[in-house]
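Peer 1: Shown below is the structure under consideration.
The values are calculated or read from the model by the stated rules, or taken from the named source; none is laboratory data. Note that the structure is a prediction, hence the values are computed from the model and not measured. As a convention, Cβ positions derive from the backbone with ideal geometry for all residues, glycine included, and neighbour counts pool all protein chains shown. For the accessible areas, the whole protein counts, side chains as well, though only heavy atoms, and no ligand, DNA or RNA atoms are used. Shrake-Rupley method; radii C 1.70, N 1.55, O 1.52, S 1.80 Å.
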Amino acid sequence: MVETSQVRAGGPRGRRPGGADTRGEILGAARTLFATRGFERASMRAVAREAHVDPALVLHYFGTKEKLFIAAIELPFEPETALPAVLAGDTDSLGERVAAFAIGLLENEQARTRVLAIVRAAASEPAAAALLRGVIEQRIRDPIARALGTEDAALRASLMGSQIVGLVMARYVVCVEPLASLPADELAARVAPTFQRYLVGPLAGPD
């Protein structure tokens with residue numbers, strides 16, 4: 001009876017007021033829309049609808065679409081913890097370790113959703129690409145370069161990253177066969193030699 005009277009009195013229908021987990025639910029909705037629509041087409045109002053909250057709450061918690069994007073598009077792993085573990089050890093098997101880590105991450109649905117959101121946003125919107133570039137350079141490329149310790153380490157780390165982005169597009173976005181249906185362990189084994197060459201092997205330079 002109380003619920004009925006509240007509805008008749010004009011109580012909230014559909015949109016919820018801010019609550020303890022409202023920020024988290026907005027972030028979840030934003031991740032979904034950025035992954036499926038890209039940065040440009042995922043509006044603040046669309047995020048509010050997806051989260052079933054008033055658009056004012058999205059502005060309250062995040063202020064701008066750019067700030068929402070940075071908060072929502074979290075890396076699917078903690079580089080400060082994961083990278084030292086992957087990079088430590090024998091350099092002769094470095095490509096294998098990196099390939100196993102990268103493919104394992106991409107085969108996880110939740111992690112893959114975040115990666116796809118990052119790739120699609122960067123490909124569709126220059127502003128998103130600029131925001132992401134700083135995060136990726138500081139938290140992924142630079143630590144890998146420092147661990148390699150060579151003069152061309154930043155280039156090597158970038159080349160490896162380009163392979164991963166290309167793999168994401170071909171296998172998980174465009175779904176090119178037979179790559180798209182290749183078993184994960186076989187895929188890791190096939191890309192490992194390329195990762196190894198980029199990271200510690202000989203790189204052909206200008207004549």
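Peer 1: Suppose we keep only residues that are buried (at least 18 other Cβ atoms within 10 Å of the Cβ) and not in a helix (DSSP H, G or I) within segment 12-53. Which one would you say is modelled with the lowest pLDDT?
Peer 2: ALA42
Peer 1: Right, next: Which of the residues belonging to segment 56-70 are open to solvent by 10 Å² or more (accessible area, probe 1.4 Å) and either within 10 Å of ILE26 (Cβ to Cβ) or not in a helix (DSSP H, G or I) (or both)? Walk me through it before giving the result.
Peer 2: Just the residues of segment 56-70 that are open to solvent by 10 Å² or more (accessible area, probe 1.4 Å), to begin with: 56-57, 59-67, 70.
Passing the criteria: LEU57, HIS60, TYR61, PHE62, GLY63, THR64.
Peer 1: Follow-up. Regarding SER124, is this residue of a type in the set (Ser, Thr, Tyr) and modelled with pLDDT of 90 or more?
Peer 2: Numbers: of a type in the set (Ser, Thr, Tyr): yes; modelled with pLDDT of 90 or more: no.
No, not satisfied.
Peer 1: If you take the residues of segment 75-87 that are hydrophobic (A, V, I, L, M, F, W, C) and in a helix (DSSP H, G or I), which of them is surrounded by the fewest Cβ atoms within 10 Å (Cβ to Cβ)? Working first, answer last.
Peer 2: Of segment 75-87, the ones hydrophobic (A, V, I, L, M, F, W, C) are 75, 77, 82-83, 85-87.
Checking the rest, the ones that are also in a helix (DSSP H, G or I) come to 82-83, 85-87.
Working: ALA82: 16, LEU83: 19, ALA85: 10, VAL86: 17, LEU87: 18.
Restricting to residues being hydrophobic (A, V, I, L, M, F, W, C) and in a helix (DSSP H, G or I), the top hit is ALA85.
Peer 1: Right, next: For segment 158-168, state whether one or more residues are over 19 Å from ILE70 (Cα atoms), of a type outside the set (S, T, N, Q) and touching a Phe, Trp or Tyr at 6+ places or on another chain (Cβ under 7 Å).
Peer 2: Among the residues of segment 158-168, at least one is over 19 Å from ILE70 (Cα atoms), of a type outside the set (S, T, N, Q) and touching a Phe, Trp or Tyr at 6+ places or on another chain (Cβ under 7 Å), which makes the answer yes.
Peer 1: Something else now. Could you pull out every one of the helices (runs of 4 or more DSSP H) wholly within segment 88-143 that has 1 or more residues that are polar (S, T, N, Q) and open to solvent by 60 Å² or more (accessible area, probe 1.4 Å)? Walk me through it before giving the result.
Peer 2: Numbers: elements: 94-106, 109-124, 126-136.
Answer list for segment 88-143: 109-124.
Peer 1: Residues in segment 71-84: is at least one more than 20 Å from the chain's Cα centre (by Cα), over 25 Å from MET169 (Cβ atoms) and hydroxyl-bearing (Ser, Thr, Tyr)? Give the derivation first.
Peer 2: Within segment 71-84, the subset more than 20 Å from the chain's Cα centre (by Cα) is none.
Among the residues of segment 71-84, not one is more than 20 Å from the chain's Cα centre (by Cα), over 25 Å from MET169 (Cβ atoms) and hydroxyl-bearing (Ser, Thr, Tyr), which makes the answer no.
Peer 1: If you don't mind, another one. Tell me which of these PRO79 doesn't satisfy, since it passes every other one: (1) over 27 Å from ALA192 (Cβ atoms); (2) touching a helix residue (DSSP H, G or I) at 6+ places or on another chain (Cβ under 6 Å).
Peer 2: Every condition holds for PRO79 apart from (1).
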